[in-house]
Amino acid sequence: MTAEIVDTLPHRTREVKFERIQLSDGIHLAVRYWLPEDATENPVPAILEYIPYCTRDGTAARDEAMHPYFAGHGYAAVRVDIRGSGESEGVLLNEYLKQEQDDALEVISWIADRPWCDGNVGMMGKSWGGFNSLQVAARQPPALKCIVTVFFTDDRYADDVHYIGGCMATENPAWAFVMFPAMARPPDPALVGDSWRDMWTQRLEALTPWVIPWVEHQRRDQYWKHASVCEDFSQIRVPVYAIGGWADAYSNPVPRLLAGLDVPRKGLIGPWGHQYMHQAVPGPKAGFMDDTLRWWDHWLKGIDTGIMDEPQYRFWVQDSVRPNSCFEERPGYWACEPGWPSASIGETRLHLNANGLGETAESEQAYLIESPQTTGRCTPFMGSMGSGEPQDPSDQRADDALSLCFDGDVLSEDFAIFGAPVVELDLASDRPDGFVCVRLNEVLPDGASLQVTYGLLNLTHRSSHEKIEPLEPGKRYRVTVALNDIAHTFAAGSRIRVAVSNAFWPVVWPSPRPVSLFLFTGASTIALPTRKRRREDDAIAPLSPPKQSRVHPRSVVKEAEPVSARFTTDLVTGEQVFTYRIDAGTLRLDRNGWTFSSKNENRYFIHPDDPNSARMDLRTTDTYLREGQLDVRIEARQVMTSDETDFTIDADIEVYENSEMIFSREWHRRIPRDGV
């Protein structure tokens with residue numbers, strides 16, 4: 001379902017295409033905003049989105065689809081570029097710094113003091129904007145009355161793109177590389193005037209690859225605790241609406257917020273990937289703006305919309321389907337819980353026995369796990385970006401064949417779970433380090449294997465992500481692996497499968513050396529959180545259909561290329577390469593002539609027998625054009641490798657103006673491995 005374009009709204013609106021907010025240190029932030037035409041005479045509440053993705057180009061279409069819609073319903077919708085991004089002055093040195101929060105406090109005060117604002121401000125955002133909505137709320141600015149946080153985390157170490165269960169995610173260097181050339185983007189002279197070159201030069205001189213500190217901090221130290229709101233939920237004292245999606249990498253924080261906060265709060269998880277739900281796949285899509293308007297109206301305008309009379313937690317229970325690397329829709333049904341945790345969630349505990357999954361423990365046996373380093377190719381992405389690319393897990397049979405699998409009996413009736421399955425493993429290792437990956441799959445009657453959820457644990461982090469505890473080779477340990485939260489119905493006729501491996505490339509970086517794990521059956525278990533479908537679930541009103549405002553036209557200067565995601569294997573050497581290539585083409589914004597393009601290629605190398613053959617080679621080319629004023633090309637590359645003792649990072653960037661190189665820089669770092 002495509003979002004309906006809505007041109008007629010309750011309020012006539014106007015757009016302020018560019019304005020500057022002066023901060024106390026003299027830096028100016030770029031702001032673009034929409035508001036009712038009569039807001040100066042009849043002030044309205046404001047909704048702030050505060051991110052570094054450039055409202056001029058990067059999020060222009062998304063901003064235009066959402067923020068005029070809010071304005072048309074009686075709000076000032078304010079979109080601010082963070083310091084050092086887009087057309088904002090200064091430099092952006094890393095994510096979620098205290099400076100970013102300090103600036104946000106001033107931005108909120110500036111908004112509340114505008115003649116068109118009634119003094120009440122809400123804050124919202126997805127991903128980065130979801131993170132900082134929580135972080136800023138914890139700073140308690142007086143004018144901030146509520147927030148909506150979408151695809152976010154409360155724990156920057158354990159549940160973001162950096163580390164998963166103490167294992168280094170390959171998204172750690174990959175996401176750092178996204179931001180590397182982005183920080184070299186020039187501001188548009190048509191907006192900032194003659195200062196654009198000085199602003200740009202300051203950005204280039206401040207450039208550094210963010211991957212370096214992200215790899216240096218391999219434990220959950222103060223670096224990651226900063227801006228992790230789970231450190232003290234009590235600092236958040238405004239109402240919170242938390243939204244996630246099962247296809248996205250950020251589903252776990254929604255129930256954690258519901259359990260940890262002590263303020264009015266709501267939780268919503270749909271089937272979606274990493275886009276706002278009026279645009280995301282897998283569907284069904286829903287009306288993000290209409291749904292959140294009920295929240296804004298309640299908390300910013302004092303209108304009883306009924307939203308706080310509804311159950312606290314609403315979620316999509318996904319049906320059994322055939323595996324597909326790019327789901328357009330996930331069939332299922334909406335369900336609700338009045339609060340979280342819920343006493344109505346049951347538990348089914350199954351033992352990992354030599355004969356498969358069973359309700360009682362059978363005799364103990366030791367099974368060897370020596371997964372080839374190529375195990376994981378059926379899940380090449382941490383989560384789906386929700387934009388229709390092939391990023392969902394494919395049929396898991398190839399990885400199951402390389403893992404130790406435990407299958408249950410054929411189900412005689414549907415079996416639904418909701419929550420985080422927990423696996424307890426009795427195991428031993430021949431090395432002082434290593435990790436374990438556990439996937440929960442549904443095996444369909446024809447043998448196809450659908451990934452339901454998964455979890456990882458760095459075994460040196462079995463007690464804590466802050467203190468490393470090497471394993472004693474040969475000693476038995478009992479470890480707990482929490483899988484990601486999910487709501488799923490295993491269909492009658494299917495089997496439940498638990499697949500255990502000690503490799504999961506290209507999602508996480510391999511162990512420093514080959515590891516042999518021994519898993520002891522009988523004693524090892526999985527606890528499945530169970531929830532049967534209820535009659536009241538069928539009575540839940542559907543979410544409103546997807547709607548949005550009309551986006552300003554843009555011209556295609558050069559067509560985008562089809563996304564390419566493919567594995568190849570060298571038949572001579574055995575090396576496997578995963579290549580992910582996106583060429584977004586070249587676009588020109590018709591209203592203002594700003595022209596830009598982006599082309600990226602990420603390659604992930606591994607040999608099945610050698611964990612230190614792992615290599616990530618990331619390249620990008622970005623261009624920006626303002627006819628007669630600016631013609632820029634940015635070429636960037638980042639390579640990461642490892643040996644038994646160190647990670648090695650090589651990065652370089654070249655910036656061209658009118659085809660002449662005007663700036664270049666290289667970095668080389670060796671960073672000791674620290675239990676990872």
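For this structure, a couple of remarks:
- Considering Asp113, Asp118, Asp160, the condition of being under 22 Å from Pro264 (Cβ atoms) and of a type in the set (Asp, Glu) is satisfied by Asp118 alone.
- Members of the stretch 404-446 found to be part of a loop (DSSP other than H, G, I, E, B), out of contact with any helix residue (DSSP H, G or I) (no Cβ under 7 Å at 6 or more places or on another chain) and charged (D, E, K, R), listed by number: Asp409, Glu413, Asp414, Asp430, Arg431, Asp446
- Selection count where residues are of a type in the set (Ser, Thr, Tyr) and either on the phi > 0 side of the Ramachandran plot or in contact with a Phe, Trp or Tyr (Cβ under 9 Å, 6 or more places away or on another chain) (or both), scope the stretch 451-491: 4
- Checking the stretch 229-247 against the condition returns no match, with no residue being outside any helix (DSSP H, G or I), in contact with an Asp or Glu (Cβ under 9 Å, 6 or more places away or on another chain) and either without any contact (Cβ under 8 Å) to a residue 24 or more places away in the chain or not assigned by TED's automatic domain parsing to the domain that holds Ser127 (or both).
- Residues located in the stretch 467-496, provided they are under 15 Å from Val436 (Cβ atoms) and hydrophobic (A, V, I, L, M, F, W, C): Leu471, Val479, Val481, Ala482, Leu483
- Candidate set from the stretch 248-280 (those that are in a helix (DSSP H, G or I) and of a type outside the set (A, V, I, L, M, F, W, C)); member that is farthest from Phe152 (Cα to Cα): Gly260
- Glu469 being surrounded by fewer than 18 Cβ atoms within 10 Å (Cβ to Cβ) and among the acidic types (Asp, Glu): yes
- Here Ala39 passes the criteria (1) outside any strand (DSSP E or B); (2) touching a residue at least 60 places away in the same chain (Cβ under 8 Å); (3) under 19 Å from Asp590 (Cα atoms) except the one numbered (3).
- In the set Trp340, Trp272, Trp296, Trp316, only one residue is in contact with a helix residue (DSSP H, G or I) (Cβ under 8 Å, 6 or more places away or on another chain) and surrounded by 21 or more Cβ atoms within 10 Å (Cβ to Cβ); that residue is Trp296.
Here is a yes/no grid of residues against (1) surrounded by fewer than 22 Cβ atoms within 10 Å (Cβ to Cβ); (2) not assigned by TED's automatic domain parsing to the domain that holds Gly273:
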residue: Glu106; (1), (2): yes, no
residue: Gln135; (1), (2): no, no
residue: Ile164; (1), (2): no, yes
residue: Pro187; (1), (2): no, yes
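- Between Ser544, Ser597, the distinction of being part of a loop (DSSP other than H, G, I, E, B), among the polar types (S, T, N, Q) and outside the structural domain of Lys17 (by TED's automatic domain parsing) belongs to Ser544 only.
- The sole residue among Trp334, Trp340, Trp299, Trp295 that is closer than 21 Å to Pro255 by Cα, assigned to a helix (DSSP H, G or I) and out of contact with any Ser or Thr (no Cβ under 6 Å at 6 or more places or on another chain) is Trp295.
- Checking Glu4, Glu19 one by one, the residue that is without any contact (Cβ under 8 Å) to a residue 24 or more places away in the chain and touching a strand residue (DSSP E or B) at 6+ places or on another chain (Cβ under 9 Å) is Glu19 and no other.
Table: residues versus (1) more than 24 Å from the chain's Cα centre (by Cα); (2) farther than 30 Å from Gly574 by Cβ; (3) buried (at least 18 other Cβ atoms within 10 Å of the Cβ).
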position	(1), (2), (3)
Trp594	yes, yes, yes
Glu601	no, no, no
Ser613	yes, no, yes
Asp622	no, yes, yes
Leu625	yes, yes, yes
Val632	yes, yes, yes
Glu644	yes, no, no
Glu660	yes, yes, no
Ser664	yes, yes, no
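- Residues of the stretch 343-358 classified as outside any strand (DSSP E or B), farther than 14 Å from Cys405 by Cβ and of a type outside the set (Gly, Ala, Ser), total: 1
- Pro672 satisfies every condition listed in (1) closer than 20 Å to His217 by Cα; (2) surrounded by 16 or more Cβ atoms within 10 Å (Cβ to Cβ) except (2).
Each row is one residue, and each column tells you yes or no for (1) closer than 25 Å to Asp198 by Cβ; (2) touching a helix residue (DSSP H, G or I) at 6+ places or on another chain (Cβ under 8 Å); (3) of a type in the set (S, T, N, Q).
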| site | (1), (2), (3) |
| --- | --- |
| Asp38 | no, no, no |
| Tyr50 | yes, yes, no |
| Pro115 | no, no, no |
| Gly125 | no, yes, no |
| Ser133 | no, no, yes |
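- Once the stretch 23-35 is narrowed to residues that are in a strand (DSSP E or B) and touching a helix residue (DSSP H, G or I) at 6+ places or on another chain (Cβ under 6 Å), the residue that is surrounded by the fewest Cβ atoms within 10 Å (Cβ to Cβ) is Trp34.
- Within the stretch 139-158, the set of residues being within 12 Å of Val229 (Cβ to Cβ) and either in a strand (DSSP E or B) or under 21 Å from the mean Cα position of the chain (by Cα) (or both) comprises Ile147, Thr149, Phe152, Thr153, Asp154, Asp155, Arg156.
- Evaluation of Gly119 against (1) surrounded by fewer than 22 Cβ atoms within 10 Å (Cβ to Cβ); (2) in a helix (DSSP H, G or I) (one fails), failing number: (2)
- Taking the criterion of being within 17 Å of Lys301 (Cβ to Cβ) and touching a Lys or Arg at 6+ places or on another chain (Cβ under 9 Å), the residues of the stretch 35-60 that qualify are Leu35, Pro36, Asp38, Ala39, Pro43, Val44, Pro45, Ala46, Leu48.
The values are calculated or read from the model by the stated rules, or taken from the named source; none is laboratory data. The model shown is predicted, which means the values in this text are computed figures rather than measured ones. Don't worry about glycine lacking a Cβ; one is built from the backbone with ideal geometry, like all the others, and counts go over all protein chains shown.
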